[in-house]
Amino acid sequence: MTKRFKDLTAVNDVSLDIHRGEFIALLGPNGAGKTTLVEMIEGLKKPDSGSIRILGRGWAKDEAFLRTRLAGVLQEPLFINKLRVDETVNLFGSFYKLPRRRSEEVLELVELLGKRKALVEELSGGQRQRLALAISVLNQPEVLILDEPTTGLDPQVRRGTWDILRRLNQETKSTVILTTHYMEEAEYLCDRICIMHQGRILTQGTLAHLLQVHEPGEIVEYRVRDEAACGDLTSHDNVIHYQYDQASSKARILVHNGTDFLFRLSRFVQDRKVDIDQIVVRKKTLDDLFLSIAGRGFHE
Ligand SMILES: Nc1ncnc2c1ncn2[C@@H]1O[C@H](COP(=O)(O)OP(=O)(O)OP(=O)(O)O)[C@@H](O)[C@H]1O
C-alpha cells in the first residue's frame, strides 16, 4: 500500500502479511508511517494504491463484518469524563448487546475491577489506557490494533500494561498489531517486529532473526580523547564497523568477537600508553540494528 499527503509519502509501497494469532510490532521513530499504516488497516484511511484483506474481506464491501471483528485503541482515547468506569464499559457493551458479566470480565482482565465506581476523570493516564483496552476487547475481536498504547506512561506502569497485553493475547488468541517507539516493548511482547522508517518497512522478523541476519556480532564501546592514537586498532578482520563520535569522544565498534577485540585493545593500550576508559562489551540491540540499516540512531 501507498499513502500520500500532498507531496509527502507517509506509507511507501508497504507489503505485509500478518498471521492469525500473531503479535506483531510496527516499530519506528516519529513520522515513520506507523499510524498511517494501521489507520489504513483499520479502515479509517484509504490507501492511494494497494489493498488490504482482513479475514479474507475488504473494507469496501464488508465494512459491517469487519467492524465487529476488528477493534482499535487510539493513541489518546476519548471518554465521557463524568461517567463511572463500569457505566462506560456497560455503555459500550450495550452497543454489542453484551451481558453485564462481560463488562466485569474485561475490567478484571485489565486490573481495573477495583476502580469500577471511579469517575473516568479520576483515572490516571495508565488507567485510561487500560480502560480503552478493556472496551476494545469487549466483543472479543479477532484483530486488535494498539497504536502506541504505552506512550507517555512511566516505566513501571508501562511494564504493568505489557503484562496485561501479553495475557490478553494469550487468553483471547486474537491477532495483535501494535505500534511503538519503544524497542523494549517490541522485544518483550511481539512474535515479529517490523522496523519502519520513512514510510517503508526496513526489515522484519523475530528479534533473534533480525539481530543475527543484519550483521551478527558484538558491540565494543570505549572513550578515547585522541582518536588518531588508536591508529590501526580498528583495521582488523575482526572489526565489521567502526564509528567515532567527536562530541562524546566515544568509539563504537561492531566486531565478530568481543573477547578477541578486548585482548587486542588491552595490548594496544599497554604498548602505546593510550588513555582509554568506559569500556563496554555488549550484545547488539534493536537500536544498533536500526543504526546499521537506517544510518542513524532510533531516537535521533
Ligand atoms: N493527515 C495528515 N496530513 C498530512 N500529513 C500527515 C497526516 N497524517 C500523517 N502525516 C504525515 O505522515 C508522516 C507519517 O506520520 P504517521 O503519524 O503515520 O507516523 P508515525 O510513525 O505514526 O509517527 P508517531 O510515532 O510520531 O506517531 C509524518 O510525516 C506525518 O507528518
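The values are calculated or read from the model by the stated rules, or taken from the named source; none is laboratory data. Please read all numbers here as calculations on a predicted model, not as lab measurements. Glycine gets a Cβ as well: all are built from the backbone with ideal geometry, and neighbour counts include every protein chain shown. Calculation scope for accessible area: heavy atoms of the full protein, side chains included, ligands and nucleic acids excluded. Shrake-Rupley method; radii C 1.70, N 1.55, O 1.52, S 1.80 Å.
Scanning segment 149-171 turns up no residue that is assigned to a strand (DSSP E or B) and open to solvent by less than 60 Å² (accessible area, probe 1.4 Å). Among the residues of segment 139-154, those identified as modelled with pLDDT of 90 or more and over 19 Å from the mean Cα position of the chain (by Cα) are Pro141, Glu142.
Within segment 1-20, the set of residues being small (Gly, Ala, Ser) and within 14 Å of the ligand (Cβ to nearest atom) comprises just one member, Ala10. Of all the listed residues (Val110, Val73, Val120, Val89), the sole one being in contact with a strand residue (DSSP E or B) (Cβ under 8 Å, 6 or more places away or on another chain) and away from the ligand (no atom under 16 Å from the Cβ) is Val120.
Please list, ordered by first then second residue, the pairs with beta carbon atoms under 7 Å, 6 or more apart or interchain, first in segment 113-129 and within 21 Å of Pro155 (Cα to Cα), second modelled with pLDDT of 90 or more and open to solvent by less than 20 Å² (accessible area, probe 1.4 Å). Listed pairs, sorted by first residue: Leu123/Leu131; Gln127/Leu112. Within segment 245-259, is even one residue over 30 Å from Leu26 (Cβ atoms), among the hydroxyl-bearing types (Ser, Thr, Tyr), free of Cβ contacts under 8 Å to residues at least 40 places away in the same chain and open to solvent by less than 80 Å² (accessible area, probe 1.4 Å)? Checked segment 245-259: at least one residue is over 30 Å from Leu26 (Cβ atoms), among the hydroxyl-bearing types (Ser, Thr, Tyr), free of Cβ contacts under 8 Å to residues at least 40 places away in the same chain and open to solvent by less than 80 Å² (accessible area, probe 1.4 Å).
Is it the case that segment 280-288 has a residue that's surrounded by 15 or more Cβ atoms within 10 Å (Cβ to Cβ) and free of Cβ contacts under 8 Å to residues at least 60 places away in the same chain? Within segment 280-288, not a single residue is surrounded by 15 or more Cβ atoms within 10 Å (Cβ to Cβ) and free of Cβ contacts under 8 Å to residues at least 60 places away in the same chain. Just one of (1) within 16 Å of the ligand (Cβ to nearest atom); (2) open to solvent by 10 Å² or more (accessible area, probe 1.4 Å) fails for Met196. It is (2). Of the strands (runs of 3 or more DSSP E) that lie entirely inside segment 6-112, those containing 1 or more residues that are in contact (Cβ under 8 Å) with a residue 12 or more places away in the chain and open to solvent by 40 Å² or more (accessible area, probe 1.4 Å) span 8-11. Checked against (1) within 16 Å of the ligand (Cβ to nearest atom); (2) among the aliphatic types (A, V, I, L, M); (3) surrounded by fewer than 20 Cβ atoms within 10 Å (Cβ to Cβ), Ala186 meets all criteria but (3). Assess whether Thr179 counts as being more than 16 Å from Ile293 (Cβ to Cβ) and buried (at least 22 other Cβ atoms within 10 Å of the Cβ). For Thr179, the condition - more than 16 Å from Ile293 (Cβ to Cβ) and buried (at least 22 other Cβ atoms within 10 Å of the Cβ) - is met. Can you spot a residue in segment 52-63 that is within 16 Å of the ligand (Cβ to nearest atom) and at negative phi? Yes. For segment 114-130, a residue qualifies if it is under 20 Å from Leu168 (Cα atoms) and surrounded by 15 or more Cβ atoms within 10 Å (Cβ to Cβ), and the qualifying residues are Lys115, Arg116, Gly126, Gln127, Arg128, Gln129, Arg130.
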